[in-house]
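Okay, structure first, notes after.
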Amino acid sequence: MSEQSVEANTSTRVRIIHLADNSGKLQVIFAYDSMLDMAALSRLTKRRFDPVANYNIEGDPLVKPNTCSTIIDSSLLNSDAIELRSSATQSYKSYTQEEFTSRFKGPLTRYERIAIPVSKIECPVDDLNQDAAQMQAALGKFQSMRLQQRLEETLEVPPLPASSHRIIQLCSDENAGTDDLCDVISLDPSLSAQVISWASSPYYGVQGEIDSVEDAIIRVLGFDMVMNLALGLSMGNAFQLPKNGPRHYNDFWFSAVSHAVLMEELVRKMPSGDRPRLGHAYLAGLLHNFGYLAIAVVLPPHFGILSRYIEANAHLPSEIIEMQTLHFTKEQLGAWLLKHWGLPESIYTAVRYSKTISYEGQHNKLAHLLYLCHQLFNDDKLDPGILNVLNLTLDEAKLCHKKVMSSSSELTKMVGLISGNK
């Protein structure tokens, strides 16, 4: 068989994933611009597979044909050429349809419909005011009446902590000062200790000891920052990390803290008269993925399924997988929850549109800052239009990201303040 590159009218690049259960392993091959349908696999095999690798963006290496059970998505039979590589370290090679099917021929290989083209997957509604309707419409797609009733009862979620209620009330008080904020935070000794420890972190490099919330406000973080930091920390205590989530999501709070401090760095680089409030940027970063925790609480039967889909389809943006499995995104649910709890419009709007590059509404800069953070942490090519809106240069954005990543050990300690692992 020739492995030379060929010219073809239609060429499809494929992705290889290894799955396993107690009975053995399975190799699946499907188009890169598609989503592996784990439910279809279960129906076809009468088995429940999990990905071998917990989060593999590049895909798994090719097992030698006819040495492992392999299912290939039947849509590949419609392609004139197939682009395939043996491992992530090798280049793609193009095979004619005849060459490909000849290579994968034998009793251990079968062709079945196991993938869904991304182009066929529904998109979120454009307007956040329509999110509740889209989420409610999704109820009809779920089988469990108990789950349907639970969601219809205003999407049952843990109540907002009392300290968060007090801080939100303080946010709306234009005359509030340092003493008022100190009084609110001091009502929760644990929260006071978290704020003081946060300000004492080596990340901020302050000289001398921080021994009070007032000290943290005046000497290090500032009123706006401490107010929003305390709110984020308090809200974080309302949820526990799910135990059946994607295996790579053990760093959920590290991602939250990293986004928060990167938002802080990026805002400081923006022109002073053209930047969002620093505290709001910080809080938006800290809560950007809050909808993930909300899904685990509101939809526990489906959360485990979503997690396996995320692991098997690590090459796709999470919102695509969420739309196919839940019919709404964690950004939609997270923003709905934050709005329901009375957070500032800028925060929940930024979270809702944090992955919508076309958003041009009132809070587009805060939303685009979150979008830029996603690109930086995912090592994606930065969008010049986003940088232009934010009045940031490519070098400035990359330097901010480099500073945050070089402080990962300090950030890990800050994460411990949230999780209680000091």
Original post:
Any idea what the dipole of the chain comes to, in debye rounded to 20, about its Cα centre with Lys/Arg Cβ at +1 and Asp/Glu Cβ at -1?
Top reply: 1620 debye
Original post:
Using modelled backbone amide H atoms (1.01 Å from N, in-plane), which distant-in-sequence or interchain residues come within less than 5 Å of THR109's amide H?
Top reply: THR70
Original post:
Whose amide H sits under 5 Å from the amide H of VAL14, counting only residues 5 or more places off or on another chain, with H placed in the peptide plane?
Top reply: TYR32, GLU83
Original post:
What number, in percent, do you get for the relative contact order of the chain if the mean sequence gap of Cα pairs under 8 Å and at least 6 apart is divided by its residue count?
Top reply: 16 percent
**OP:** First select every other residue whose beta carbon is under 13 angstrom from the beta carbon of SER346; then total the charges, Lys and Arg +1, Asp and Glu -1.
**Re:** +3
Subject >> Per-residue HN-Hα couplings for the stretch 282-292 [Karplus 6.51, -1.76, 1.60; θ = phi - 60°; Hz; x = Gly/Pro] >> reply: 4, 5, 4, x, 5, 9, 4, 10, 5, x, 4
Subject >> Accessible surface, per residue, of the chain when the full set of protein chains is kept, probe 1.4 Å, Å² >> reply: 46 Å²
Original post:
Looking only at ASP179, ASP33, ASP215, which one moves most when the chain is put into a Gaussian network model with springs between Cα atoms under 10 Å?
Top reply: ASP179
Original post:
If you plug each phi of the stretch 59-73 into the Karplus form 6.51 cos²θ - 1.76 cosθ + 1.60 with θ = phi - 60°, what whole-Hz ³J(HN,Hα) values come out, in order, with x for Gly and Pro?
Top reply: x, 8, x, 6, 7, 3, x, 6, 10, 8, 4, 9, 10, 10, 5
Original post:
Can you list the HN-Hα couplings for the stretch 258-263, worked out from phi with the Karplus curve (6.51, -1.76, 1.60; θ = phi - 60°), rounded to whole Hz and with x for Gly and Pro?
Top reply: 4, 5, 4, 6, 5, 4
Original post:
FRET efficiency for ASN378 and THR178, Cβ-Cβ distance as r, R0 = 30 Å, nearest 0.05?
Top reply: 0.20
Subject >> Proximal charge balance of GLY59 [Cβ under 15 Å; K/R count +1, D/E count -1] >> reply: -2
Subject >> Listed residues ASN364, ASN289, ASN78, most fluctuating in the chain (Gaussian network, C-alpha, under 10 Å) >> reply: ASN78
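The values are calculated or read from the model by the stated rules, or taken from the named source; none is laboratory data. None of these values were measured; they are calculated from a predicted model. Glycine gets a Cβ as well: all are built from the backbone with ideal geometry, and neighbour counts include every protein chain shown. Keep in mind that these areas ignore ligands, DNA and RNA; they rest on the heavy atoms of the full protein, side chains included. Shrake-Rupley method; radii C 1.70, N 1.55, O 1.52, S 1.80 Å.
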